[in-house]
Amino acid sequence: LVGRLIAGLLTIDGVSVYGITDPQRMSERVPTLAFNIAGLSSREVAERLAAVGIYCWHGDYYAVDICRVLGQQPAGMVRLGIMHTTTAEEIEQTLSAVQAIAATV
């Protein structure tokens with residue numbers, strides 16, 4: 001599911017995904033990812049996702065140095081975590097919501 005989420009996010013204009021995105025390397029990552037939408041703060045994106053029932057985190061998650069190295073301070077990034085209970089339908093809903101948000105920028 002994280003592979004599908006990453007692949008989908010990478011097709012949305014204005015979305016940057018941080019970390020491993022190569023489909024051949026999915027076994028090297030955890031099912032948590034960070035992304036941003038150009039023109040919006042991570043907080044704005046998180047609030048818009050929450051408004052449609054998709055809950056995530058925003059900010060630097062106390063990983064200040066990583067955010068700084070990635071050039072994402074002070075606003076940080078949006079973080080999504082996939083659990084064993086996450087469904088393919090929820091991934092598609094998330095992608096649709098991110099697409100809709102990005103289209104407003």
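The values are calculated or read from the model by the stated rules, or taken from the named source; none is laboratory data. Just so it is clear, the structure is predicted and the values come from calculations on it, not from any experiment. FYI the Cβ positions are ideal-geometry reconstructions off the backbone, even for glycines, and counts take in every protein chain you see. Surface areas here come from the heavy atoms of the whole protein model, side chains and all, with no ligands, DNA or RNA. Shrake-Rupley method; radii C 1.70, N 1.55, O 1.52, S 1.80 Å.
Structure notes:
- All told, G19 falls short of being open to solvent by less than 40 Å² (accessible area, probe 1.4 Å), modelled with pLDDT under 95 and under 14 Å from the mean Cα position of the chain (by Cα).
- Scanning the stretch 70-87 for residues that are modelled with pLDDT of 90 or more and more than 16 Å from the chain's Cα centre (by Cα) yields H84, T85, T87.
- Every residue from the stretch 22-57 that is open to solvent by 40 Å² or more (accessible area, probe 1.4 Å), in contact with a strand residue (DSSP E or B) (Cβ under 7 Å, 6 or more places away or on another chain) and polar (S, T, N, Q): T32
- Considered as a group, the residues in the stretch 58-73 that are of a type outside the set (V, I, T) and free of Cβ contacts under 8 Å to residues at least 12 places away in the same chain include one that is most open to solvent (accessible area, probe 1.4 Å), and that residue is Y62.
- Residue count for the stretch 35-69, restricted to those that are on the phi > 0 side of the Ramachandran plot and at pLDDT 95 or above: 2
- For beta carbons closer than 9 Å, sequence separation of 6+ or different chains, a first residue in the stretch 2-23 that is in contact (Cβ under 8 Å) with a residue 24 or more places away in the chain and a second that is open to solvent by 20 Å² or more (accessible area, probe 1.4 Å) and among the acidic types (D, E), the qualifying pairs are R4/E92; G8/E92.
- Candidate set from the stretch 1-16 (those that are assigned to a helix (DSSP H, G or I) and closer than 20 Å to L70 by Cβ); member that is modelled with the lowest pLDDT: V2
- Scanning the stretch 32-79 for residues that are hydrophobic (A, V, I, L, M, F, W, C), within 23 Å of T104 (Cα to Cα) and outside any helix (DSSP H, G or I) yields a count of 13.
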